[in-house]
Each structure stands twice: as C-alpha cells, then as structure tokens.
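Working notes for the structure below.
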Amino acid sequence: MLEIKNLHVTVDGRDILKGLDLTLPAGQVHAIMGPNGSGKSTLAYVLAGKEGYDVTAGSVTWKGQDLLALDPSERAAAGVFLAFQYPMEIPGVATMTFLRAAANAVRKARGEPELSTPDFLRFVREKAAALKIDPEMLRRPLNVGFSGGEKKRNEILQMSLLDPSLCVLDETDSGLDIDALRIVAEGVNALRGPDRAMLVITHYQRLLDYIVPDRVHVLSDGRVARSGGPELALELEQTGYAEFGEAAA
Amino acid sequence: MELPVKQFQTRAEQAFVDLFTAAEQGLPGAGNPWVADLRAKAIDAYATLGLPHRRVEAWKYTDLRSKLTEALPLARPTGVAVSEAEIAHAFGADIAGLEAYRLVIVEGELRTDLSDLAGLKAAGAEVVSIAEALQKPPRWLKDELGKINSQERDPVVALNLALMSGGVGLRLAKGVSLDKPVHVMHLDGGSEPSSVITRSVVLIEEGASLDLLESYASLGDTEIQRNAVTEIEVGPKASLNHVKLQKESGTAVHLVSWVLKLDADANYKAFQFSTGAALSRSQIYAAFTGEGSSLDVSGALLMRGHQHCDTTLLVEHRVPRCVSRELFKAVLDNEARGVFQGKIIVSPGAQKTDGKQMAQALLLSETAEFDSKPELEIFADDVVCGHGSTSGQIDEDLLFYLESRGIPGVQARALLIQAFVGEAVERIEHEPLREALSKASAEWLGVSFD
C-alpha cells in the first residue's frame, strides 16, 4: 500500500504540493487528474526521488517502508517505477545495454540472480514483441531518434522488465495517436495484478477509457481536491477543470 | 661544432644542447655524414628556437620552458629482460593480447627478441631498426627520414631529430596489405630516469594498406621524458588505420608527434586514446599533398589528479578536394587539465576542401580545466570548413533517468561518461581494438558493464 500523508514539496523555493494525502492499496489503479500546474508531475518526480524536489513536510511510505529515505536507484529496487512523460535520449548507450544494466542492477539489489544473456534476450524479445517494438530499435542508442510512440512503448517495456510493484505513469498518453495509445494501454493492463499498484497521471480522460481506474483523484493547488470512482473522470471531461482553478479554454 | 648564439632562459633548455654535445659521438649513425648533417641542422634549429613557452601561440597552454626543469640523461639500451607477464601488466591483457605483428621498443631499442620481425617480413613488409638503419640505411629510408612533412620549426620535433636513438622503419610496397595489424609497443620506466627519444618511419606505398597501433606504457614508476616522432607517408590510393594508446606512468612526460603526408586518394584514419603520463602533448601534423584524400582523426582522453594532456593538430589542405574530420573527447576529473588545439589551413587553390572539427569536454569536478582553441586559416573561396567546441558537466536529468531504472549513481555516472567517450571510440575500425579501448575506458572509470 502507498500512503502519502500531508506531503509538502517545494521546487526552486516555490510551494507546489501543499498537504497532499493519498492512499493507494496494492492491486488497485488510481488516476490522478487535474489542471496544469496542480502538481501532478511534481508528485511523480517526488515518488521517484528526483533531486531539486524538496519535501518540507509529510511522509510517503510504500509497503511500510519510508520511500523518502531512499535514493532513486534504491526506490527502483524497492519496486517503484516511473514511466516518464518525456523519456530521456542518451546517445552512446545502446538500448539493449541499458535494459540489461537496469534489469541486472534491480535483480542484484533484490537479491535475485542475474539472468543469463540468452534468457535475458529471450525475455526482452518476448516483451518487445507484445508491445510491437521492432527488435532493430533495441540496438539503437536509447530513445535517440525514437518517435513519441516508440519512446512510450519503450517505457512500458522497461516497466515490464523491472517487475515493479508500484507503477507511476506520468502523462503516458501525451503525444500518442490512438493506435499507439491502445498498444501502450494494453501493455499497462497486462501488468495489472493483485500485487501491483498503479498511479496513472493524466490531464485527459481519454487514457482512462483504456486503463480503467479503480479511483480517480483530482489535484488542485497541490492537494487532492476531490476523489471518486471512474465516473468522476467522465464528469471532468464534460465540465473541464474550471471548478479546480483552471480557466475554461 | 659551433652552436648559434642563443641566450637560453632555463637550465633545462641549455641542458638539451649539452646532452647533444656530450652524446653526439655515441649516437647511432655517428660518423655517417648523412646522419651528422640531419642532426646538426636539427640541433641548430632547436638552439635557435629554445624550449617552447606560453608566448609561443602553439604552446600557449603547455609551457615546456616552465614545466621541464631538467633534461634527463639519454636512455641507454641495456637489453633488460621483459616478460610476457610484464607486457600484459603494462598494457592490459586485451591490448597485449591483440592479434598483431609485435614490434617492441624498450629504452629506445627495437628488441628483436620480443618482436615478430620474421613474421612481419614473411607477410610482405620491410622492417628495419632505426638505430641500425642510421649506420647502414636502406635507400627508401635514407630518402625519407627527416623529410616527410618535416616541421623543422617545431623545437620538440627538432630535438627529436637531433637526438634520435632508435625506433622502427616500416615499409609496405605497392599493393601490399597484411593479414593483421602491426603493434609497435613502447615500454619504459623500468630502469634509470631517462630521456627516451625515438623516431619511426612508416611508408605505405601505392594501393597498400595497414592497421597500425602504437602503444606506450610503463614497466615501472621511474621518471622518463619521452620524445617520439613517427613520420608517415600514405601513398596514392593507400590507406592507414592508425591508433595510439598512451597509458604511461603518472611520472612520465610524453611528447609524441606524428608528421604525415597524404598522397592522392589516400585514406588516413587515426584514433588516440590517452589515460597516462603527468604531462603529455600529442601532436599531429598532417598535409594533403595529393587530391581526393581523406583524413579522420579522433580521440579520447581521460585524465584525473594533476595530469595535463594536450592534443594539438595541424591539418594543411595544400591541394583541392580533400576531406578532414576531427573529433576529440576529454573527460577531466580533479585538477586535471585538457588542451585541444586544432588548426586547419586551406591553401590558395585548395578548392572543394571539406574540413570539420569538434572538441568536447566533460568536466567531472569544479577544478578541472579544458582549453580549446580551434583555428581556421582559409585562403580559398570554395570550401566548407567548420569547428565546434563544448564543455559541460554530467546531465543531471539523464543521471536521474538511469537511476530511476535501478542503476546506482556511481554506475549511472560511469555509463554516461562511457557513452560520451563511446561516440569517439566507435570510430575505430578494427573491432578487437575498439572493444579493448572501450573496456579500457570502463576500467579507468572503475566499472564493468558485462
């Protein structure tokens, strides 16, 4: 279970999260929605441990463990995975090399044996095929020259390789056409399970047609302003975020 | 002999002339007028110029007059026993084990007991010890030695010619290519502090091709001052893949100059990898003398502590339609200092020249320094020339991305540094060598990605 209590976060001296409370039980998928600037991406980065996001009050625990005391790689080993809104391009690091380094680092930290090369390659190819990722892509430098859809599918591939228990998806739908969105959503849905919790951050309701959440939380000015079932997302689609501080377009 | 009147500024500056005066009669080729003339002219040139210092533009960042406080005595070959284990330890097992024709030079002497001279000759190359050739030169060597893009105005190159005591001469006749690379290994630092001054000549005649690795390492921590020159001519339609590995001990001074000329439709590709020496300067003087040739020089240097590593390139486009590419990467930690100077000269009439260079540094500490000085001198109007230089730190966003995937910080940093260097290392054609140097950079970083 993820428990966030009274979380206050400042970035560059500005208060972004102002007493956020959230409980996400294992096995559930919760959506975080909200207007631009409400603190959605900040929440994602704080959970993953990005530098420059200073927690000034509150706590975050995952399965009873104090997440805030861990550095980013330790959080990954503890089961946290952030699918980035804008995955980084790293020239000079082959995608496969990176996947291997990540998978082995996480397995090592969890006290699991490293996968042999043939086992690892088979495992990656299988997962990649399910996500319709061209094997050629895995030989290219990480995310370099990848389309928006390829980058997001690559994020989901990493997610399935690292076997996380807490998945945070930050605006995974941004920049995707409908076909890519469907493939990505199928990849995410395949990972749903009783031991895995997911936090799906999105500005638009569209993604939630494909990844149907158990709960929806609306963020406004750094706090959860409202929570409800999946129907809340549909309601927001109609009314917009006007009542949560964003001017209607 | 009479030396010109020059007020030397420092003891060391004078000491090199004294070395010459004292050693002249004992140097290889003594009494041979051809050699005596080469040496005399060279020491004259040095005596006129003195040691280069910061007010000499080409040496602005590497002031030898202040950095060299003495001239170490000339190395004397002792035939010291060198075991395979020592060679592997000095160069690293991958480099030492590279499938190649070995030519091993210890204390300036080409060691026939450690070199595969017979194999190299059987494969079709001509190979001579420079020390022997100075006594009794083959025609081809006598015609070329000291004359290929000669750089008489460079005092370090001039000193080398005056004091050269060994090295190797290698010639591939028309159309010859070898089944494996030639690996010239320089090993020193195991005995007395000394100046090791060698000159080698590599002739690749029309249509011939060669993979050549020159590596420099140390048997021990004894201080040495190395001054090595390799003269290279790549003939018409000939090609040379030329790699240098420098991992001398942290006490070494390493001054190595490659002077080369490229004939028509020649292809020259070079890579330099440096992690060693206290003070190093690697110079490449290249001249295009025939149309339609290409040169691609790249390199990576990884330095820490108080190491100083200077790479200085001068590419002269004397004729039309030649292409030059340069890419250097520097990784600098602690108080290390990297210098890159790249000068491209396009002569009047050298139309359709295409010259580009790029130098990039990754600074791992606040106190590391990178000085980059690109220079273009263009006297033709139909050319494409460009240069760029960047220096920066590790990108924190990239680091976070890797760490968020479970890769611990130290390893994530290493992976990014390796990637930065990798862009240059990738340009090495010879695969086992490319892998060996990629591993060497991982070793420098203290990590393994296997």
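Both the radius of gyration and Dmax for the protein assembly as shown are 31.1, 101 Å, in that order, over alpha-carbon atoms.
Which net charge results for the neighbourhood of B:GLY119, defined as the other residues with beta-carbon distances under 11 angstrom from its beta-carbon, given Lys and Arg at +1 and Asp and Glu at -1?
Around B:GLY119, the surrounding residues sum to +1.
A straight Cα-to-Cα reach below 16 Å connects B:LYS174 with the aspartates and glutamates B:GLU126, B:GLU205, B:GLU206, B:ASP211, B:GLU233, B:ASP263, B:ASP265, residues fewer than 8 places away in its own chain not being considered.
Dipole magnitude for segment B:110-208: about 220 debye, using +1 per Lys or Arg Cβ and -1 per Asp or Glu Cβ, origin at the Cα centre.
Only lysine pairs 8 or more places apart, or on different chains, with alpha-carbon atoms under 16 angstrom apart are counted in segment A:2-244, and they number 9. Shielding by partners for peptide A:92-105, expressed as the average number of C-beta atoms from other protein chains within 10 Å of each residue's C-beta, is 5. Most simply put, the protein assembly as shown has about 15% antiparallel DSSP beta bridges, counting only bridges with both residues inside it. Solvent exposure of segment A:2-244, expressed per residue, is 41 Å² of accessible area, with all protein chains present and a 1.4 angstrom probe. Its Cα gyration tensor gives segment B:79-130 an equivalent ellipsoid, and the semi-axes of that ellipsoid, as √(5λ) in whole Å with the largest first, are 20, 15, 8. Structural descriptor for chain A: relative contact order 29 percent, calculated from alpha carbon pairs under 8 angstrom and at least 6 residues apart.
In summary, the convex hull built on the alpha carbon positions of segment A:2-244 has an orientation-averaged projected area of 12.8 nm². Net charge in the neighbourhood of A:TYR53 (other residues with Cβ under 15 Å of its Cβ; Lys, Arg +1, Asp, Glu -1) is -4.
Considering only alpha-carbon pairs that sit under 8 angstrom and 6 or more positions apart, the relative contact order computed for chain B is 10 percent.
For chain A, modelled as a GNM whose springs connect Cα atoms under 10 angstrom apart, the maximal fluctuation among A:THR202, A:THR56, A:THR172 occurs at A:THR56. Excluding same-chain neighbours fewer than eight residues apart, the lysines reachable from B:LYS373 by a Cα-Cα span under 17 Å are B:LYS60, B:LYS329, B:LYS343, B:LYS356. In chain B, the C-alpha radius of gyration followed by the widest Cα-Cα span (Dmax) gives 21.2, 71 angstrom.
Once you've got the Cα coordinates, tell me which of B:LYS67/B:LYS121; B:LYS136/B:LYS261; B:LYS67/B:LYS247 are over 30 Å apart.
B:LYS67/B:LYS121
In terms of the mean number of neighbouring beta-carbon atoms within 10 Å, the peptides B:78-86, B:163-171, B:33-41 order highest first as B:163-171, B:33-41, B:78-86. For the pair A:VAL212 and A:ASP12, the difference between a 0.36 nm per residue extended length and the Cα-Cα distance amounts to 68.5 nm. Note on B:417-425: average number of Cβ atoms from other chains within 10 Å of each residue's Cβ is 3. Which residues in segment B:360-375 place their backbone N less than 14 Å from a point set 7 Å from the Cα of B:LYS60 along the Cα-to-Cβ direction? Answer for this model: B:370-375.
The values are calculated or read from the model by the stated rules, or taken from the named source; none is laboratory data. Values in this document were obtained by computation on a predicted structure and should not be read as measured data. Every residue, glycine among them, receives a Cβ derived from its backbone with ideal geometry; neighbour counts consider all protein chains shown. What goes into the accessible areas is simple: the full protein's heavy atoms, side chains included, and nothing from ligands, DNA or RNA. Shrake-Rupley method; radii C 1.70, N 1.55, O 1.52, S 1.80 Å.
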